[in-house]
Every structure is written in C-alpha cells, then in structure tokens.
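Below is one structure, written out as structure tokens; the observations come after it.
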Amino acid sequence: MKPALFLPALGLALGLAGCVNFGERSNTRTVVNYVLNDPALNDPAPVRADVPQDGMAARRVPTLLVLDTTTGGFYDTEQIVFSRSAGTRGQYQFARWTERPGKRFADLMRARLARLGAWNVSAAGGYVRGDMLLDTELIEFYHDAASEPGQMRLVLRAELVDLKQRTLLGRRVFEQQVPLATYDAAGAAQAANLAVSRALDELAAWLAMRQ
C-alpha cells in the first residue's frame, strides 16, 4: 500500500493508517500508534556473569550508568519522521510512536545491556555510584522514502566515560539502514525495530571491548 501524500504549509508529510467507520461516515482515517521494540529482548536471557556457576565464585560486575538518549529537536516527538529527498524531513500524518524515540530507545538500551549480565545497569542521576557512564544521542531516525519502499535509517552516537579515572574510554557512531518490507507506516515501524536491535547489538559489542 502506498502512503497517501499531502502538502502542508511547511512541507510534505506522509498520510497513513487504517480506515474506520463512524456512523454514516466511511473511510475516515484514524491515527495508528506503533510501539518501538527490540526483538532481541524476546530471546532467552544469557547467564549473568555475577551468578556463580558450578561452585565457581562470581566475578565483580561493573556498574554502568546510562543517561537518557538525547535527540535533535525535530526527532524529539512521537511523530514518525520520513524524508522524500536529501536535506528534507516530514512527518507521517496518521502514524505515531507511543513514546518519543529517544526516551524509548534509552529504556530498550538499558533493558538489553542489563540482561546481558556484563554490567549492573542503572539510570544516571540517582543515588547509585557507577564505574562507567554511557551517553548516547540519536542523531538520525527516519524513513528514507526517496525510493519505494525505502529504508529506515538510524544514526547513534555513543560516548563511554570512566567515572573513577575521569577519562573518555571511547566514542563511536553507529549506523543502520534497514529496507522496508512494505511502503507504509507499518513497514517503517517494523524496519525501525530491526534497526534498533542491530544498533544495540553493535553497541553492546563495543562496550564489551572497553570493560
């Protein structure tokens, strides 16, 4: 299904969603809300490193404080963002995220890192004292719709700080481009989930090398 297009005063936006009937009115569009997810969280959890196995003593697991993921102003919204040409951005008219991507990504990131067992993961800003601090920014997160069906593009910047030594352990930019299965909001949401999962795969591997 092709997304319906319209031209608002400030640019092009994609109109999308299912149809619903209200009384005698038919084909009235309604907003569809999509939940951003990490499919890997459905896999069996690995054995935690701090849990003794076969009588062996558990090793100390460092505490990782994870800041909320920041985003640029245009992405700091529940609207699903798209681009029809280089240097332009628009928003789906009838499709949204249930939460702002930055906030949701941070929650998924903490959940993924915690279940790996290599760190004791906590949100930064509380009373927990940490060994390391992870700071992330979602630089790009949009449906690149320059051609059909397009691809979901995710660009994430990450910085890891040693809190005890007060030194920067590393900085890296992760990029994911996942093709859409269908040229619509559902396809964009599905590709976004996969892009998030792959980015978290790379992030976790990068962090493991800096323990």
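Throughout, read-outs are computed from the coordinates displayed, never taken from laboratory work. For clarity, every value in this text was computed on a predicted model and none was experimentally measured. Counting neighbours? That spans all protein chains shown, and the Cβs are built from the backbone with ideal geometry, glycine included.
How large is ³J(HN,Hα) for each residue in the stretch 92-102, as worked out from phi by the Karplus curve 6.51 cos²θ - 1.76 cosθ + 1.60 (θ = phi - 60°), to whole Hz, x for Gly and Pro?
Per-residue couplings from phi come out as 4, 7, 10, 9, 9, 7, 6, 9, 5, x, x Hz.
Quick one: which residues, 5+ away or cross-chain, put their amide H under 5 Å from the amide H of Thr63? H built at 1.01 Å from N.
Asn120, Asp131, Met132
How far, in nm, would the chain grow between Arg29 and Ala123 when pulled straight, counting 0.36 nm per residue and subtracting the alpha carbon separation?
Values: separation 94, 0.36 × 94 = 33.84 nm, distance 3.88 nm.
Working it through step by step, the gained length comes to 30.0 nm.
Please state the charge dipole magnitude for the stretch 72-152, taken about the Cα centre, from unit charges on C-beta atoms (+1 on K and R, -1 on D and E), reported in debye and rounded to the nearest 20. All intermediate terms of the calculation are to be shown ahead of the outcome.
On the way: 10 positive and 10 negative charges, 48 e Å.
Magnitude of the dipole: close to 240 debye.
Could you tally the net charge around Asp107, taking each other residue with its Cβ under 15 Å from the Cβ of Asp107, Lys/Arg +1 and Asp/Glu -1? Each step should come with its number before you reach the end.
Numbers: positive: Arg100, Lys103, Arg104, Arg110, Arg112, Arg115; negative: Asp38, Asp68, Glu78, Glu99.
After counting each charged neighbour, the total is +2.
With r defined as the distance between the Cβ atoms of Arg171 and Asn42 and R0 fixed at 45 Å, what FRET efficiency is calculated, to the nearest 0.05?
Working: r = 31 Å, r/R0 = 0.68.
The pair Arg171/Asn42 has a calculated efficiency of 0.90.
Would you grab the residues whose amide H sits under 5 Å from the one on Leu180? Only those 5+ places off in sequence or on another chain, please, with H modelled 1.01 Å from N.
Residues meeting the amide H criterion: Gly150, Gln151, Met152.
Just the Cα atoms of the stretch 54-211, one point each, no solvent: what log10 I(q)/I(0) does Debye give at q = 0.08, 0.17, 0.18 Å⁻¹?
-0.27, -0.96, -1.04
Give me the number: length gained by fully extending Glu159 to Asp201, i.e. 0.36 nm times residue separation minus the C-alpha to C-alpha distance, one decimal in nm. Don't jump to the answer; show the numbers that get you there.
Details: separation 42, 0.36 × 42 = 15.12 nm, distance 1.59 nm.
Length gained between Glu159 and Asp201: 13.5 nm.
Report the extension gain between Ser147 and Lys103 in nm, rounded to one decimal, defined as 0.36 nm multiplied by the number of residues separating them, less their alpha carbon distance. Numbers along the way, then the final one.
Numbers: separation 44, 0.36 × 44 = 15.84 nm, distance 2.93 nm.
That works out to 12.9 nm of additional length.
For the stretch 68-211, what does the relative contact order come out to in percent, with C-alpha contacts under 8 Å and a separation of six or more?
Numbers: 250 pairs, mean separation 29.1, N = 144.
In percent, rounded to a whole number, it is 20.
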